[in-house]
Amino acid sequence: MMEEQIVFEDNHLLVINKKVGQLVQGDKTGDEPLLDSIKDFIKKRDNKPGNVFLGLVHRIDRPTSGLVIYAKTSKALSRLTQMVKNREIKKTYWAVVAKEMIPQSQRLVHYLQKNEKNNKAIVFTKVTEGAKEAILTYNVIKGLDNYLLLEIDLETGRHHQIRAQLSKTGVPIKGDLKYGAPRSNPDGGINLHARKLQFIHPVTKEEVTIVAPVPQNDAIWRACEE
């Protein structure tokens, strides 16, 4: 039910808590993207006669869950897109990794290059031609029996950034076969969740903080939130 996934909505914005496997925008699989599903939902809910305007502000990967912002007006869309470019939207992620000896807190700086062939980020430890700087800071915020819960603040927004950087550090995200996890998750997703968004509303100029509950069908996620 689309209604249950909406965590924030006003006249200008709509923020949803994406489920694992949902597609943020169309790709070569031809599966229906969330953009289209939400448009249909709004059209029916609000009895709109014409086309519904909805613009995608940023993306998260298909196997990832969590917060995605959509704009309901062109004014909000252009302002939010600019805010993303200027890094004025603070994004916080949660990631579950295997229990390894890693520093409690660390700022990771790498250089990422996208390999189009296998849709993967190649990670370099020093400046490399064609690679873009990628920076994040993580904190270990909880220890479970076999796993650690990391809270991650992104400074840059690169393709597969968190997945690639954590893998390079020796702690691939649980379920992320593409970046070195030993096993997949039953739902085909990975334990990476876009947990929190903080930004100044593009129209009302009020401070907005949105937190998304973790997927409830995953016992490890539930343990993280307890």
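List the trypsin sites (Lys or Arg not before Pro) within region 99-183 that DSSP assigns to loop and that have no more than 10 neighbouring Cβ atoms inside 10 Å.
Values: sites: 99, 107, 114, 117, 120, 126, 132, 142, 158, 163, 168, 174, 178, 183; in loops: 99, 117, 126, 158, 174, 183.
When the trypsin sites (Lys or Arg not before Pro) of region 99-183 are filtered for loop state and at most 10 Cβ neighbours within 10 Å, 117, 126, 183 remain.
Filter the DSSP H helices in the chain by two things, a Kyte-Doolittle mean of at least -1.0 and an axial alpha-carbon span of 20 angstrom or more, and list the hits by number.
Details: long enough: none.
Within the chain not a single helix satisfies the rule.
Loop only by DSSP, 10 or fewer other Cβ within 10 Å of the Cβ. Give me the trypsin sites (Lys or Arg not before Pro) in region 196-226 that pass, ordered by residue number. Can you show the working numbers first?
On the way: sites: 196, 205, 222; in loops: 205.
Taking region 196-226 and a limit of 10 other Cβ atoms within 10 Å, the loop trypsin sites (Lys or Arg not before Pro) found are 205.
Over the chain, with every protein chain in place, what whole percent of the accessible area is carbon and sulfur at 1.4 Å, could you tell me? It would help to have the intermediate numbers written out before the result.
On the way: 5660 of 11880 Å².
For the chain, the apolar C and S fraction of the accessible surface comes to 48 percent.
On a C-alpha basis, how far is the centre of region 27-98 from the centre of region 124-187 in Å? Whole number, if you could?
The two parts, judged by their Cα centres, are 23 Å apart.
For residue 90, give me every one of the aspartates and glutamates with a C-alpha distance below 17 angstrom, ignoring sequence neighbours fewer than eight places off in its own chain.
List returned: 151, 153, 155, 206, 207.
Using only the alpha carbon atoms of the chain, find the Kirkwood hydrodynamic radius as the inverse mean reciprocal pair distance, in angstroms to one decimal. Before the final figure, lay out the partial values.
Working: mean 1/r = 0.0543 Å⁻¹.
Across the chain, the inverse of the average 1/r is 18.4 Å.
Quick one: net charge of residue 171's neighbours, Cβ under 13 Å, K/R +1, D/E -1?
Values: positive: 99, 163, 168, 174; negative: 100, 176.
Local net charge: +2.
On average, how much accessible surface per residue is there in region 79-162, in Å², for a 1.4 Å probe, leaving out ligands, DNA and RNA? Present the calculation step by step, with values, prior to reporting the outcome.
Details: 4880 Å² over 84 residues.
On a per-residue basis, region 79-162 sits at 58 Å².
With +1 on the Cβ of every Lys and Arg and -1 on the Cβ of every Asp and Glu, and nothing else charged, how large is the dipole of region 3-225 about its Cα centre, in debye rounded to the nearest 20?
Working: 35 positive and 26 negative charges, 104 e Å.
Result for region 3-225 is approximately 500 debye, rounded to the nearest 20.
Projecting each Cα onto the charge dipole of the chain (Lys/Arg +1, Asp/Glu -1 at the beta carbon, about the Cα centre), which of 197, 221, 106 comes out farthest on the positive side?
Of the candidates, 106 comes out farthest on the positive side.
The values are calculated or read from the model by the stated rules, or taken from the named source; none is laboratory data. Small disclaimer: the values here were computed from a predicted structure and weren't measured. Heads up, the Cβs are rebuilt from the backbone with ideal geometry, glycines too, and the neighbour counts pull from every protein chain shown. Just the protein is used for accessible areas: all its heavy atoms, side chains included, with ligands, DNA and RNA removed. Shrake-Rupley method; radii C 1.70, N 1.55, O 1.52, S 1.80 Å.
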